[in-house]
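The values are calculated or read from the model by the stated rules, or taken from the named source; none is laboratory data. Small disclaimer: the values here were computed from a predicted structure and weren't measured. Reconstructed Cβ throughout: ideal geometry from the backbone, glycine too, with neighbour counts over all protein chains shown. Accessible surface is based on the protein model in full, side chains and every heavy atom, while ligands, DNA and RNA are left aside. Shrake-Rupley method; radii C 1.70, N 1.55, O 1.52, S 1.80 Å.
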Amino acid sequence: GKFPYHEVLAQRKEMAYKYLDSYLHSGVTAIYDLGSETWTYDLQQLDTSDHPHVAATGPLISHYPDPGVIDKIFISPDSPADARLLAATLTAHGATGIKFWRLDWENEEFMQSIQALVDEAKERNNHVIFHIAKAQEVRDAIALGGETVITHLPQDEILDEKTLKVIVEQKIIQ
């Protein structure tokens, strides 16, 4: 292809500081990277007098397989024990949130692992973030303990009053 995936990822890492400089010169003083390679954790240590403040979640938790060309972008826990270890590891590496992307909501065994990961992240005072594409998934994410829900709902799909009430009552960021 014109833009080979592994080359694009390598270039993103090489050019990160140039991007950060351009953000700061444009008035952007803080960035939250909501899913990327683990090297983005290092950006959180930069001197904020020269660069914007960076927070990063690191890899996305998903049931999708990872292309694994340079650095894992998608991670899928194999069991609840694996999920707890994953939450502990990501938090220890500096993840300022654990982001879930495109989950297999119908797979009960997989979702048990996701619940364990959410529980462990919360026990470690880490944020739990869900990327959602359907109204029902918003309700499911809240039930799992999500505190931030990023939605990209189809234009013809709306959230019901009950779900909106829960979002407001639980102060869920959307």
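Remark: the chain carries a charge dipole of roughly 300 debye about the Cα centre, counting +1 on each Lys and Arg Cβ and -1 on each Asp and Glu Cβ. Scoring 125-137, 101-113, 22-34 by mean Cβ neighbours within 10 Å over their residues and listing the highest first yields 125-137, 101-113, 22-34.
Here residue 2 is the anchor, and the lysines within straight C-alpha reach of less than 24 Å, apart from those fewer than 8 places off in the same chain, are 13, 18, 72. Amide hydrogen proximity for residue 150: with H placed 1.01 Å from N in the peptide plane, the residues at 5 or more positions away or on another chain lying under 5 Å are 130, 131, 132.
Straight-line cross-link partners of residue 165 among the lysines, defined as a Cα under 26 Å from its Cα and at least 8 positions apart when in the same chain: 99, 122, 134. Rg and Dmax of the chain, based on Cα coordinates, read 17.1, 48 Å.
Starting from the amide H of residue 76, placed 1.01 Å from N in the peptide plane, find each other amide H under 5 Å away whose residue is 5 or more places distant or on another chain. Counting only residues 5 or more places away or on other chains, the set is 62. Amide H contacts under 5 Å for residue 98: 127, 128, 129, restricted to partners 5 or more places along the chain or on a different chain, H placed in the peptide plane at 1.01 Å from N. Over the chain, average the accessible area per residue using a 1.4 Å probe and give it in Å², no decimals. Here the per-residue accessible area is 58 Å².
Relative to the longest principal axis of the Cα atoms of the chain, helix 108-123 runs at roughly 60 degrees. Taking the C-alpha atoms only, the angle from helix 80-93 to the longest principal axis of the chain is near 30 degrees.
Each Lys and Arg Cβ is given +1 and each Asp and Glu Cβ -1; about its Cα centre, the range 8-69 then shows a dipole of about 140 debye.
Projecting the Cα positions of 8, 46, 167 onto the charge dipole of the chain (unit charges on Cβ atoms of Lys, Arg, Asp and Glu, taken about the Cα centre) puts 46 furthest along the positive direction. Can you tell me the orientation of helix 5-25 relative to the chain, as the angle in degrees between its alpha-carbon axis and the longest Cα principal axis, to the nearest 10? It works out to around 80 degrees.
Comparing 30, 146, 117 along the charge dipole axis of the chain, the residue lying farthest to the positive side is 30, per the Cβ-charge model. Overall, the accessible surface of the chain at a probe of 1.4 angstrom is composed of carbon and sulfur to the extent of 52 percent. Here the sum of -39500 (n - 2.57) over DSSP H runs of 4 or more residues, divided by the residues of the chain, equals -13000 deg cm²/dmol at 222 nm, to the nearest 500.
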